[in-house]
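The values are calculated or read from the model by the stated rules, or taken from the named source; none is laboratory data. Note that this is a predicted model, so its numbers are computed, not measured. Note that each Cβ is placed from the backbone with ideal geometry, even for glycine, and that neighbours are counted across all protein chains shown. For the accessible areas, the whole protein counts, side chains as well, though only heavy atoms, and no ligand, DNA or RNA atoms are used. Shrake-Rupley method; radii C 1.70, N 1.55, O 1.52, S 1.80 Å.
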Amino acid sequence: MDVHTTVADFQAARRRRSGSLGLVPTMGYLHRGHLALVRLAREENDLLAVSIFVNPAQFGPSEDYEAYPRDMDRDLDLLRRERVDYVFAPGVEEMYPPGHDTWIDPGDLGTRLEGAHRPGHFRGVATVVAKLFNVVAPDRAYFGQKDGQQVAVVRRMVSHLGMGVDIVAVPTVREEDGLALSSRNVYLTPEQREAAPAVFRALLAAERLWSRGERDGDVLRGAVRIVLEETPLIEAVDYVSVAGTPGLAELDRVTGPAMVSVAVRMGRARLIDNLVLDPASLPGSH
Ligand code: PAF
C-alpha cells in the first residue's frame, strides 16, 4: 500500500498502473462503516484509493475541527488489511495552498437540513470532494448513506459539472441496537450511548407508518418527534425532516421516493441518521 501526502506523488504513482480506480473519501478514524465502503470498492475496481483528510472547510467556527478524532497509524493498519492500493493523506496546505479562494456552491440543496444548521458545511464538502476527484480521477466514488444529504449534494455536483464519476451510496452500518456508526460516537458518555438508539427507533416509527400507507408529512414527522421527545438525554432536536429525494424539499404528502432524517444533540455529540422511503420496496410494487 502506497501512502502519499502530495498530489504530485499520488499522481505519479497512479500513472504507473492502469485499470479502473475506486475512491473512498474519508476523514479518517475509520470504523466498520468506512470498511463497508472500502470492501465494496475493492470488489468493484481494479485499484482502490482511500483519502484521509480532516477537511477544515466543512467545519463551522464553533464546531469540532480541532477535537475531531484522529488515529493515522490505526487507520493505515486497517487499510493495509483491506488491500488498499493507495492512501492519499494530504496536509491542509496541500489541499488549501495559501491564497486558495475557489469554492463550489451547492445551491439551495446545500442550505436545507444539515446546511441550515451548519452554514457553509456543504460548500466545504463539495469543494473538497471536487478537489479529491480532480486529484485522484476515480471511476467510482463511495459514500455512506448515513450522510444522505451529502450523497445528494455530491451526486448533483457530479451531474451539474459533468465530472463523470459514478457515485455509489452504501447502506448505513449500525450497531446491534441500531445506532448508526459514526466517528463522532466516541463523544457519547456511557449513558448517552445507551439512549442514542432512540434516533433509529424514531426513524423506524415513521417508516412503519409509511409502509402501512400513511402519506401525510406532518404525521410522519410527528411520529419521529414523539420517540425523540420521550428520550430525556436528547437535549435538542435540530430537525426532523420528511423530504423528497433527490432535492430534499420538505413534503406535505409523500407521493414518491423520500428520505426521513433527523439531527439531535446529546452532550458533545450531534447525531444524524436517515432512512430512505422507497416506494419500490413496498409489497406489490413490482
Ligand atoms: O463524509 C466524510 O467523511 C466527509 O464529509 C468527506 C466526504 C470525506 C469530505 O470531507
With the requirement that a residue be in contact with a helix residue (DSSP H, G or I) (Cβ under 7 Å, 6 or more places away or on another chain) and either under 11 Å from Gly144 (Cα atoms) or open to solvent by less than 20 Å² (accessible area, probe 1.4 Å) (or both), what does the stretch 40-57 give you? Leu48, Ala49, Val50, Ser51, Ile52, Phe53, Asn55
Failed criterion for Thr255 (all others in (1) open to solvent by 60 Å² or more (accessible area, probe 1.4 Å); (2) closer than 27 Å to Val186 by Cβ hold): (2)
Every residue in the stretch 185-204 that is open to solvent by less than 50 Å² (accessible area, probe 1.4 Å) and of a type outside the set (A, V, I, L, M), please. Asn185, Tyr187, Gln192, Pro197, Phe200
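Considering only the stretch 189-210, how many residues are in contact with a Lys or Arg (Cβ under 8 Å, 6 or more places away or on another chain) and among the aliphatic types (A, V, I, L, M)?
Residues of the stretch 189-210 in contact with a Lys or Arg (Cβ under 8 Å, 6 or more places away or on another chain): 200, 202, 206.
This time we only want the ones that are among the aliphatic types (A, V, I, L, M), so: 202, 206.
Qualifying residue count, the stretch 189-210: 2.
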If Arg225 meets every condition in (1) open to solvent by 60 Å² or more (accessible area, probe 1.4 Å); (2) within 30 Å of Met72 (Cβ to Cβ); (3) basic (Lys, Arg) apart from one, which number is that one? (2)
Restricting attention to the stretch 54-90, and to residues there that are modelled with pLDDT of 95 or more and of a type in the set (S, T, N, Q), which single residue is nearest to Ala36 (Cα to Cα)? Asn55
Pick out, from the stretch 180-237, the helices (runs of 4 or more DSSP H) lying fully within it that include 3 or more residues that are of a type in the set (D, E, K, R) and out of contact with any strand residue (DSSP E or B) (no Cβ under 7 Å at 6 or more places or on another chain). 190-195
Taking first residues from the stretch 10-39 that are open to solvent by less than 10 Å² (accessible area, probe 1.4 Å) and second residues anywhere that are more than 16 Å from the ligand (Cβ to nearest atom) and in a strand (DSSP E or B), the pairs with Cβ under 7 Å that are 6 or more apart or on different chains are Phe10/His4; Ala13/Asp2; Ala13/His4; Leu21/Leu47
Considering (1) away from the ligand (no atom under 16 Å from the Cβ); (2) at pLDDT below 95, say which one Ser183 fails and leave the rest. (1)
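Within the stretch 116-127, take every residue that is open to solvent by 10 Å² or more (accessible area, probe 1.4 Å) and outside any loop (DSSP other than H, G, I, E, B) and give me the one that is nearest to the ligand (Cβ to nearest atom). Walk me through it before giving the result.
Filtering the stretch 116-127 down to residues open to solvent by 10 Å² or more (accessible area, probe 1.4 Å) leaves 116-121, 123.
Subset that is outside any loop (DSSP other than H, G, I, E, B): 116-117, 121, 123.
Details: Ala116: 17, His117: 15, His121: 9, Arg123: 12 Å.
It comes out as His121.
Could you grab me the full set of residues in the stretch 159-179 that are among the polar types (S, T, N, Q) and not in a loop (DSSP other than H, G, I, E, B)?
Listed by number, the list holds a single entry, Ser159.
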Suppose we filter the stretch 128-159 for residues that are open to solvent by 50 Å² or more (accessible area, probe 1.4 Å) and either basic (Lys, Arg) or near the ligand (Cβ under 10 Å from one of its atoms) (or both); how many remain? 4
